[in-house]
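Below is one structure, written out as structure tokens; the observations come after it.
The values are calculated or read from the model by the stated rules, or taken from the named source; none is laboratory data. These numbers come from a predicted model, not from an experiment. Methodologically, a virtual Cβ is constructed for each residue, glycine included, from the backbone with ideal geometry; neighbour enumeration extends over all protein chains shown.
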Amino acid sequence: MKSLLSALDEGRLVELPDADKIKALEYLALLIEAIPGMAMRNDIVLEVKQRESTGNTGIGKGVACPHARREGEGDLFCAIGWSPQGIDYGAIDGQKVHIVIMYYIPDSQRNYYLKELSGLARAIETTGGITTIVNAKDIQTVRSQLLDWIGLAIDAAVPESKARMIKLQEKQAASVAAGEARGKAPIAIVPFSIILVDTQKPIVLTPDPAFLRVVESQPGLVDLVKKNEPFEVAGYQVIVRTSSSFALNRFLHECLAIKVGGQN
């Protein structure tokens with residue numbers, strides 16, 4: 001259950017902003033693309049959407065597990081989205097989906113992914129489904145339920161892991177409490193646009209005035225954006241989502257900045 005634990009520990013459990021399926025897939029795919037050290041960039045969104053068009057990944061009982069696969073080596077990653085109102089996902093049992101767990105699966109990790117998924121499914125079945133999550137009022141309740149499921153899955157596979165699981169729960173609770181005490185959300189996402197006109201200073205458009213000042217003062221911003229690769233600004237992982245060219249050598253870059261709580 002390593003990738004699920006990492007997602008919880010690193011702030012990749014988020015409340016989905018609306019109940020639209022495609023937007024939820026895009027949101028979680030961008031979170032995975034923003035993971036530092038990811039070997040594959042800027043195409044998880046497209047692959048996940050293409051896979052979903054050929055086969056629905058709603059596995060039933062209010063859970064969906066979309067994924068992107070890649071050849072070769074690498075780490076198994078996931079991001080978890082919680083939808084309080086539920087998503088009309090087209091799942092096999094017709095139920096609305098409240099938990100979307102998106103995986104990035106290198107070939108070398110395929111067996112680990114299958115074991116994690118089967119362990120999670122057994123834990124959900126053992127506890128009677130996701131009623132707790134359906135009725136949850138806050139993301140901390142969702143996190144606690146996920147930790148319970150992970151604990152059951154680990155205990156079923158390796159009983160002596162129980163002590164380590166308890167320590168992990170305590171560490172996670174302390175981390176969340178510290179974040180709440182500082183008034184910081186687990187994750188911050190800022191959408192923004194950059195307009196480039198010839199050699200003029202780039203124009204940044206964003207609803208966040210503090211972030212606007214940070215981006216505009218970033219040295220070499222034009223060169224970073226033109227590479228069309230993720231880069232870092234003041235602790236934010238910045239992803240260039242789309243780039244469009246217009247007449248008279250003018251360009252528009254749509255970007256997303258993601259910062260996990262606690263990062264500097």
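Points worth noting:
- Looking across region 40-56 at every residue that is in a loop (DSSP other than H, G, I, E, B) and either of a type in the set (S, T, N, Q) or touching a residue at least 40 places away in the same chain (Cβ under 8 Å) (or both), the one that is nearest to residue 98 (Cα to Cα) is identified as 56.
- Between 254, 216, 232, the distinction of being surrounded by 14 or more Cβ atoms within 10 Å (Cβ to Cβ) and either of a type in the set (S, T, N, Q) or without any contact (Cβ under 8 Å) to a residue 12 or more places away in the chain (or both) belongs to 232 only.
- Of all residues in region 99-123, those that are under 9 Å from residue 153 (Cβ atoms) have Cβ atoms under 8 Å from Cβ atoms of residues that are assigned to a helix (DSSP H, G or I) and among the polar types (S, T, N, Q), 6 or more apart or on another chain, in 116/3.
- Wholly enclosed strands (runs of 3 or more DSSP E) of region 57-164 bearing at least 1 residues closer than 23 Å to residue 21 by Cα and among the basic types (Lys, Arg): 67-70
Every residue, every condition in (1) within 24 Å of residue 45 (Cβ to Cβ); (2) of a type in the set (Lys, Arg); (3) under 25 Å from the mean Cα position of the chain (by Cα), yes or no:
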| site | (1), (2), (3) |
| --- | --- |
| 201 | no, yes, no |
| 206 | yes, no, yes |
| 215 | yes, no, yes |
| 220 | no, no, no |
| 247 | no, no, no |
| 257 | yes, no, yes |
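- In the set 144, 193, only one residue is in contact with a strand residue (DSSP E or B) (Cβ under 6 Å, 6 or more places away or on another chain), modelled with pLDDT of 85 or more and surrounded by 14 or more Cβ atoms within 10 Å (Cβ to Cβ); that residue is 193.
- Criterion (within 22 Å of residue 9 (Cβ to Cβ) and acidic (Asp, Glu)) met by exactly one of 33, 47, 52, 71: 33
- Some residue of region 81-93 being more than 15 Å from the chain's Cα centre (by Cα), at negative phi and of a type in the set (Gly, Ala, Ser): yes
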